[in-house]
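The values are calculated or read from the model by the stated rules, or taken from the named source; none is laboratory data. None of the values given here were measured: they were computed from a predicted structure. Note that each Cβ is placed from the backbone with ideal geometry, even for glycine, and that neighbours are counted across all protein chains shown. Ligands, DNA and RNA are stripped out before the accessible areas are found, and what is left, the full protein with its side chains, is counted by its heavy atoms. Shrake-Rupley method; radii C 1.70, N 1.55, O 1.52, S 1.80 Å.
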Amino acid sequence: MRISRTARVVLGCITAAGLAIVYVPLLLVLLNSVNTDRSFGWPPSGLTGRWWRAALHSEGARQALLTSLKAGLAATAIALVLGTLAAYAVHRHRFFGRRTVSFLLVLPIALPGIVSGIALNAAFRTVLDPIGIGFGLFTVVVGHATFCVVIVFNNIGARLRRIAPSLAEASADLGARPWQTFRYVTFPAMRSALFAGGLLAFALSFDEIVVTTFTAGPGTRTLPIWIYENLARPHQAPVVNVVAALLILASVIPVYIAQRLSSDTAGGRL
């Protein structure tokens, strides 16, 4: 379809404005992390690296980072196992209620985070409190896994739909057992989708704050919660900007890799 020069200019301006709304605030965070002015005066009076040194020596930030890594890795591991098994069952087998199961698996990602948080909080108080399990890292991991499973399920399901059933049928005709077919045919074909789903699930868990607020115990602070609690403290604000800048830089890596893997999939390079 051909469009006029005026339309191209208008669409370009709209695109540039949208990108600016998204990325200019991120650039300001990066700039404020080296701003000598503690109150973030504009324009910056100078540049300094002392806020980065202060962030590296912040015990609270290090502990929060460690907690976020533990929660993200554990939730991602659970999501990879459950999401893969669920996707394989839904997309490779026919059974009563298959569409209902698929809908219920995807539903958690569509619910508002505060609704999921309240529901999980009530469930944990009802089920776990009577057996002596309080709120802490375990409940955070379970809460994060509920929506991380959706990411893996969608990624693996999309890949399984692209894999021709004739490959598995040919493997069976050659005498391979179901496990051998999965190991040597299906798994290699969906490996990149599994990796991309894991990266996206980890990134989603690492940045989560709403569900974490309702599922974390008094002594459990992930990095997003630590940032939120210290953002209003004048002496901690520069350190918060440094931590936020690190998160921005670190988030680029998994998102970029997942995007490249998805592009390879769309191009037919399984």
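Some points to look at:
- Solvent-accessible area assigned to carbon and sulfur over the chain amounts to 69 percent, based on a 1.4 Å probe.
- Note on the chain: with a GNM built from Cα contacts shorter than 10 Å, the maximum mean-square fluctuation among Gln259, Gln63, Gln180 falls on Gln180.
- Inter-centroid distance (Cα atoms) of segment 16-39 relative to segment 114-167, Å: 34 Å
- Largest-first ordering by accessible area, 1.4 Å probe, given options Cys13, Cys148: Cys13, Cys148
- Selected from Pro238, Pro43, Pro112 as most flexible by GNM, with the chain as the system and alpha-carbon contacts under 10 Å: Pro43
- Averaging over all projection directions, the Cα-based convex hull of segment 104-143 occupies 3.0 nm² in the image plane.
- Taking the chain as a Gaussian network of alpha-carbon nodes connected by springs under 10 Å, the highest mean-square fluctuation of the residues Leu30, Leu65, Leu11 belongs to Leu11.
- For segment 32-114, the alpha-carbon coordinates run over 66, 26, 22 Å along the three principal axes, in decreasing order.
- Considering only the Cα atoms of segment 27-183, their convex hull presents on average a projected area of 15.6 nm².
- Arg53 versus Val252: modelled label distance in nm, points set 7 Å from Cα along the beta carbon direction: 2.5 nm
- The largest-to-smallest principal axis extents of the Cα set in the chain are 73, 68, 30 Å.
- Kyte-Doolittle mean at least 1.0, axial Cα span of 18 Å or more - DSSP H helices of the chain: 5-32, 98-110, 113-127, 137-162, 187-207, 237-266
- Efficiency of FRET from Cβ geometry, Arg260 and Leu69, R₀ 22 Å, rounded to 0.05: 0.40
- A 1.4 Å probe run over the chain, with the rest of the protein chains in place, finds 59 Å² accessible per residue.
- Report summary: the helix-based calculation at 222 nm, which adds -39500 (n - 2.57) for every DSSP H run with n ≥ 4 and divides by the residues of the chain, gives -25000 deg cm²/dmol.
- Each Lys or Arg adds one and each Asp or Glu takes one away; over the other residues whose Cβ falls under 15 Å from the Cβ of Arg183, this sums to +3.
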